[in-house]
1. Positive end of the dipole of the chain, charges at C-beta (+1 Lys, Arg; -1 Asp, Glu), about the Cα centre: which of V3, P57, G33 has its Cα farthest in that direction?
2. Can you tell me which of 7-14, 38-45 comes out highest on packing, and rank the rest after it, using the mean Cβ neighbours within 10 Å?
3. Largest first and in whole Å, give the semi-axes of the chain's equivalent ellipsoid, each being the square root of 5 times a Cα gyration tensor eigenvalue.
4. With +1 on the Cβ of every Lys and Arg and -1 on the Cβ of every Asp and Glu, and nothing else charged, how large is the dipole of the chain about its Cα centre, in debye rounded to the nearest 20?
5. What is the distance, in nm, between label points placed 7 Å from the Cα along the Cα-to-Cβ direction at R42 and at N75?
6. Net charge within 14 Å of Y35 by Cβ-Cβ distance, Lys/Arg positive one each and Asp/Glu negative one each, not counting Y35 itself?
7. Between helix 57-70 and the chain, what is the angle of the helix's C-alpha long axis to the longest principal axis, kept within 0 to 90° and rounded to the nearest 10?
8. What value, in deg cm²/dmol to 500, does the helix sum -39500 (n - 2.57) over DSSP H runs of n ≥ 4 give at 222 nm once divided by the residues of the chain?
Amino acid sequence: MAVKKKTITKKAAPKKKAAPKKKATKTKKPAFGGYAINFAGRKETVEQVFGKKPIAPSEMTKKIWAFVKSNSLSNR
């Protein structure tokens, strides 16, 4: 004699109410990292900041930040 298999039906999960969408407000974001640097009114040339010899980009970054910090050009 064959045994009958019971068929199992899945119950539908109760639907959740969707939360109302919040309206995004646009505000002006600060500069990346929170730094704002202002070079306006500076008289120095690129040669005066970097020197006359070719340098690597990493050295340029170091010299720019040394210049910014020594002349108090950042907002921090």
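1. V3
2. Ranked from most to least packed, the peptides come out as 38-45, 7-14.
3. Largest first, the chain gives 67, 23, 8 Å.
4. Around 1440 debye, computed over the chain.
5. In this crude spin-label approximation the distance works out to 1.8 nm.
6. Summing Lys/Arg as +1 and Asp/Glu as -1 gives +3.
7. 70
8. Computed ellipticity for the chain at 222 nm equals -7000 deg cm²/dmol.
A short reminder: the numbers here are calculations on the coordinates, not readings from a lab. Given the structure is predicted, the values throughout are model-derived calculations rather than measurements. In this analysis, Cβ positions are derived from the backbone assuming ideal geometry, glycine residues included, and neighbour counts consider all displayed protein chains.
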